[in-house]
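Everything on this sheet refers to the single structure shown next.
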Amino acid sequence: MELGRLKRKLEAAVRGHDLLKDRRDEMMRRFLELIRRNRMLRRETEEALREAQKAFALAAASMGASDLQTALLPGAGELSLALRTQNIMGVEVPVFDPGNAGEREIRSFGYAFSSPRLDEAVRRMGEVSRKLFLLAQTEKTCQLLAAELESARRRVNALEYLVIPQTGQAIRTIRMKLEENERSALARLRRAEKHTDAKD
């Protein structure tokens, strides 16, 4: 009974190991794609941020720093963000929907007393905000997938290096014990037969 139970356990462990390994490999492929995308998004975001800062510097130079601060004092209004989740290989990852960020800026400064360069700077900053949301989403997804990959790696290693070898060893031990018992029983049976033949 124990041998049968261990055989079933070994079969399940081998099947589970193969499935987990396939899942881990596919997750690694997607993770590497996300890392490449994240690097590209980071470069684009940093470049867009530099351009926006340059635009604000030009606006400050044309308007004067105090006029620029006065124009931007009321703020740019509210920016809404919708959050939902997406399932990637069994991992729930966030998906940010910035809505109109970067497409429609809410400007609260007067056009008459502001420089066209300020309009350009605000437009560029709107584009940066959209890229920042996408970058945050990609980085969080990478973090969650990395944690799940580590967990999957540990489970695969536990099955490969602990559960499967230990179960296989237990099966071999039980088989050896059963074979030894069978040989002992056959030896006793032969002795009994010889003893019976000797009496006859």
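The values are calculated or read from the model by the stated rules, or taken from the named source; none is laboratory data. Please read these numbers as outputs of a predicted model, since none were measured by experiment. No Cβ is skipped: glycine too gets one built from the backbone with ideal geometry, and neighbour counts run over all protein chains shown. Accessible surface areas use protein heavy atoms only, side chains included; no ligands, DNA or RNA. Shrake-Rupley method; radii C 1.70, N 1.55, O 1.52, S 1.80 Å.
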Residue ID - modelled with the lowest pLDDT, chosen from residues in the stretch 149-174 that are among the charged types (D, E, K, R) and surrounded by fewer than 12 Cβ atoms within 10 Å (Cβ to Cβ)
R172
Residue check: is L178 at pLDDT 90 or above and either under 51 Å from the mean Cα position of the chain (by Cα) or at negative phi (or both)?
no
If you check T85 against the conditions, is it under 21 Å from L134 (Cα atoms), open to solvent by less than 80 Å² (accessible area, probe 1.4 Å) and either among the aromatic types (F, W, Y) or at pLDDT 80 or above (or both)?
no
Kindly indicate whether R36 is at pLDDT 95 or above and out of contact with any Pro (no Cβ under 7 Å at 6 or more places or on another chain).
yes
Just the residues that are surrounded by 20 or more Cβ atoms within 10 Å (Cβ to Cβ) and either under 25 Å from D22 (Cβ atoms) or basic (K, R) (or both), please, taken from the stretch 125-137.
K131
So A158 passes all but one of these: (1) closer than 20 Å to D18 by Cα; (2) touching a helix residue (DSSP H, G or I) at 6+ places or on another chain (Cβ under 8 Å). Which condition number does it fail?
(2)
Among K177, K140, K194, which is assigned to a helix (DSSP H, G or I), under 30 Å from E46 (Cβ atoms) and of a type in the set (K, R)?
K140
Unmet requirement for A55, which otherwise passes all of (1) over 23 Å from V122 (Cβ atoms); (2) of a type in the set (A, V, I, L, M, F, W, C); (3) open to solvent by less than 50 Å² (accessible area, probe 1.4 Å)
(1)
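Here's the yes/no breakdown for (1) over 22 Å from the mean Cα position of the chain (by Cα); (2) open to solvent by less than 30 Å² (accessible area, probe 1.4 Å):
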site: G4; (1), (2): yes, yes
site: E11; (1), (2): yes, no
site: M27; (1), (2): no, yes
site: R37; (1), (2): no, no
site: L41; (1), (2): no, yes
site: E47; (1), (2): yes, no
site: S62; (1), (2): yes, no
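Yes/no matrix, rows are residues, columns are (1) at pLDDT 85 or above; (2) open to solvent by 90 Å² or more (accessible area, probe 1.4 Å); (3) within 36 Å of the chain's Cα centre (by Cα):
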site	(1), (2), (3)
R50	yes, yes, yes
A65	no, no, no
L68	no, no, no
L73	no, yes, no
S80	no, no, yes
V91	yes, no, yes
